[in-house]
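Read through the structure below, which is laid out as structure tokens, and then see the notes.
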Amino acid sequence: MIKEFRAEAHGDADERVRSVAAQFRKWLDKSLEDQMLKYDDAGVLALYTLITMKGGEILELGGDETSRWVVGMGAFLSECIRARFGGDYFASGDQGFGLRIDEATELYPLRWVQDQLANGIKGSILLKYQLLVESRGGDAPRLER
């Protein structure tokens, strides 16, 4: 599904994250009978729903396969956030990459995905996304859960 992601310090994290997000979106679109997902609020909701419904199965895959899912979902979530707020990716050690929206705001969407997989609704990417939108002065999307 997702090719392995390694953001070396000398690599272009921006290009790599976008590529992984595109791979994940293409795979997910085919799984959803070619409903083209966009990098937007609805995309965040679709990802939240996927993790909620299939999170246990993703974790059961284990090892590298679970890691590929986490990287793909994290890259897709990152692109949804970046589409709304802008920003640049950067290489980030064992997390692979982070998203810098501005000088004061760095996010690690892979951690968001891992938190929801591990903690369910308590670690919801949807809740984190809504809090991010509100913290930046926007009207948080009231997406149905």
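Quick note: the coordinates plus some simple rules give every number you see, no bench work behind them. The model shown is predicted, which means the values in this text are computed figures rather than measured ones. Note that each Cβ is placed from the backbone with ideal geometry, even for glycine, and that neighbours are counted across all protein chains shown.
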- Query: Mind checking which lysines have their C-alpha under 22 Å from Lys38, skipping anything on the same chain fewer than 8 residues away?
  - Reply: Lys3, Lys26, Lys30, Lys54, Lys128
- Could you compute the FRET efficiency for Phe90 and Leu131, with r as their C-beta to C-beta distance and R0 at 22 Å, rounded to 0.05? 0.50
- Where in the chain are the helices, taken as whole DSSP H runs, whose Cα atoms extend 18 angstrom or more along the long axis and whose Kyte-Doolittle mean reaches at least 0.5? 41-61
- Item | Charge-dipole axis of the chain as Lys and Arg at +1 and Asp and Glu at -1 on Cβ define it, positive-most pick from Met36, Gln114, Thr66 | Met36
- Of Gly98, Leu131, Ala83, which is farthest on the positive side of the dipole of the chain, counting Cα position, with +1 on Lys and Arg Cβ, -1 on Asp and Glu Cβ, and the Cα centre as origin? Leu131
- Peptides 73-82, 41-50, 100-109 ordered by average Cβ neighbours within 10 Å, highest first: 73-82, 41-50, 100-109
- Message: Compute, for the chain, the length of the dipole vector about the Cα centre, with Cβ point charges of +1 (Lys, Arg) and -1 (Asp, Glu) only. Units Debye, rounded to 20.
- Response: 220 debye
